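Quick notes on the structure that follows.
What follows is calculated from the coordinates using simple rules that are stated; it is not laboratory data. Keep in mind that this is a model prediction, so the values were computed, not measured. Here the Cβ is made from the backbone with ideal geometry for all residues, glycine too, and neighbour counts use every protein chain on show.
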Amino acid sequence: MKKIRFAFMGVCLVLLTVGSSGLAFGKGVVGFGQEAVARALEILEVAPGIDGLALITNAGYALYNGQSSRRILDIAHDRAGVSLGRNTLLQVHSSDDATLFMAFLHKRNKTDIQATVVKAHGNSVAATDPVNLYVGKGQSFKGFETLWGKQAFSIVTLANGWAQGIPGDLLQGALFHDHFCCGVATGYFTARYIKERVPLSEGAAYTYVGIPAWCQDDYIMHHLNLTPGKGGYYAMKYPWDRPWKTGGKAYSSLGGVIIAFDRAANRGEARVLAFDWHFDEFMAACGLSPQPLDWKNSPWLHVLYNRFLLEHRDHPEKFVSVLGVKQLKNREAYMELVGAGENPLEAILGRDPDWRP
């Protein structure tokens, strides 16, 4: 044991020495990256490349003193042993004027995810003491928010998703969305349902219409490579919890519209999807009382619901279904669904006389 601890202290000493040598911190992003890695490994008492070590950072997006921070990703790989390929170097999307941060994680066991967050502080670094990020039922986020402000929800939810071992494509979608709320997880099921139940013929392509649009749309765009710029994604404002009511039926739990259209054959199909959240089953599984869930003021609910969802990851049909189908006999019919002023719900399900945009 003494030999192991001595070896660990030696590694930290080397890293600290390098971080404060020739490329002194304060002279550029490289110095900051070196110092940040050294400080984090020291605080977490871990060696580079140890199992269970990961980094969540917006480096590469956020600027450091007006400079690109992309070099930090290389430094973290070389000096902490984290990597994109092993899903241990997690680059979270942010604006370039966001505060640059590096959140180092060490998963010690299922319920112990030690973390320290390092940020620039003048010509030095500011690193928090180790804190356990594992979220259980009723977990308050106030302590996290006191430490990291608005970035707390992003760091904590991504850390719990990563520690849970969520699929790599879902992790990438959550990083693109910049946090791992339950809405991103629903997109994982919607996208899989589409690929399994709405397969494309040769020459056909998907178009997705977010009506209603919610956090799942970011995952769907990312995973299916459907973007507004390429004409594969549209969003229309519609109340998330309002059923679409025709003369004789109410369609609830609306989940968006998926169109599969073959431009060469000049035909396709459009489907209105539904997403059943199974809230009753979720609450029963977590021992929650049967009352409305306060998602905004109870962020721990997102973490628990994600765990519930991923228990059913192989059964997207449990959550996603089709409410209505419309045959598209030509491109004009396709354009009617995505054109300005058109309502795909009315075109596919029928007119809702009470709907007022």
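If the elastic network links every pair of Cα atoms under 10 Å, which of LEU226, LEU200, LEU158 fluctuates the most in the Gaussian network model of the chain?
It is LEU200.
For the range 187-269, what D do you get in µm² per second when you plug the Kirkwood radius from alpha-carbon pairs into Stokes-Einstein at 37 °C and 0.692 mPa s? Don't skip to the end; give the middle numbers.
Working: Rh = 13.6 Å.
Stokes-Einstein gives a translational diffusion coefficient of 241 µm²/s.
What is the diffusion coefficient of the range 182-349 in µm²/s, taking the Kirkwood radius over Cα pairs and the Stokes-Einstein relation at 20 °C with a viscosity of 1.002 mPa s? Walk me through the numbers on the way to the answer.
Numbers: Rh = 16.8 Å.
Translational diffusion coefficient: 128 µm²/s.
Return the sequence-ordered ³J(HN,Hα) values of the range 180-195 in whole Hz as given by the Karplus equation 6.51 cos²θ - 1.76 cosθ + 1.60 applied to θ = phi - 60°, using x for Gly and Pro.
Going residue by residue, I get 10, 7, 5, x, 5, 5, 5, x, 4, 6, 4, 5, 5, 4, 4, 5 Hz, with x marking Gly and Pro.
What FRET efficiency comes out for the pair LYS137/ARG263, r = Cβ-Cβ distance, R0 = 56 Å, nearest 0.05? Each step should come with its number before you reach the end.
On the way: r = 50 Å, r/R0 = 0.89.
After rounding, the FRET efficiency stands at 0.65.
Return CYS215, CYS286 ranked ascending by Cβ neighbour count within 10 Å, so the fewest neighbours appear first. Spell out each step's value before the answer.
Numbers: CYS215 19, CYS286 15.
The fewest-first ordering by Cβ neighbours comes to CYS286, CYS215.
Going Cα to Cα from LYS245, which aspartates and glutamates come in below 12 Å? Please leave out same-chain ones fewer than 8 positions away.
GLU346, ASP352, ASP354
Starting from the Cα of GLU145, step 7 Å along the direction of its Cβ; do the same at ARG331; then give the gap between the two resulting points in nm.
Output for this residue pair reads 5.1 nm.
Quick check for me: using +1 on Lys/Arg Cβ and -1 on Asp/Glu Cβ, what's the dipole size of the range 269-338 about its Cα centre, in debye to the nearest 20? Don't skip to the end; give the middle numbers.
Numbers: 8 positive and 10 negative charges, 44 e Å.
It comes to approximately 220 debye.
Working out 0.36 nm times the residue gap between ASN65 and LYS318, then minus their Cα-Cα distance, what length gain in nm do you get to one decimal?
Working: separation 253, 0.36 × 253 = 91.08 nm, distance 4.86 nm.
Here the segment from ASN65 to LYS318 would lengthen by 86.2 nm.
How many angstrom lie between the Cα centre of the range 189-233 and the Cα centre of the range 95-135?
Centre-to-centre (Cα) distance: 34 Å.
When each pair of different Cα atoms in the range 141-226 is counted once in the 1/r mean, what is the Kirkwood radius in angstroms, to one decimal?
Values: mean 1/r = 0.0716 Å⁻¹.
Across the range 141-226, the inverse of the average 1/r is 14.0 Å.
For the chain, what is the largest minus smallest coordinate of the Cα atoms on each principal axis, given in angstrom and ordered from greatest to least?
So the three principal-axis extents are 75, 48, 34 Å.
I'd like the orientation of helix 300-310 relative to the chain: the angle between its Cα long axis and the longest Cα principal axis, in ° from 0 to 90, rounded to 10.
Its long axis makes an angle of about 70 degrees.
Ranking LEU73, LEU105 by Cβ neighbours within 10 Å, fewest first, what do you get? The partial results should precede the final answer.
On the way: LEU73 19, LEU105 26.
Least crowded to most crowded, the residues run LEU73, LEU105.
So between THR111 and GLU202, what do we pick up on full extension, going 0.36 nm a residue minus the alpha carbon distance?
Details: separation 91, 0.36 × 91 = 32.76 nm, distance 4.67 nm.
Length gained between THR111 and GLU202: 28.1 nm.
Hey, how many Å between the Cα centroid of the range 330-357 and the Cα centroid of the range 266-287?
A separation of 22 Å, based on Cα centres.
Out of GLY287, GLY33, GLY136, any idea which swings most in a Gaussian network model of the chain, alpha carbons joined below 10 Å?
Its mean-square fluctuation being the largest, the pick is GLY287.
Give me the lysines in straight-line cross-link reach of LYS110: C-alpha distance below 25 Å, same-chain residues under 8 apart excluded.
Excluding near neighbours in sequence, the set is LYS137, LYS142.
Which of ALA333, ALA274, ALA76 ends up with the largest GNM mean-square fluctuation for the chain, with Cα atoms connected below 10 Å?
Comparing ALA333, ALA274, ALA76 in the GNM, the peak value goes to ALA333.
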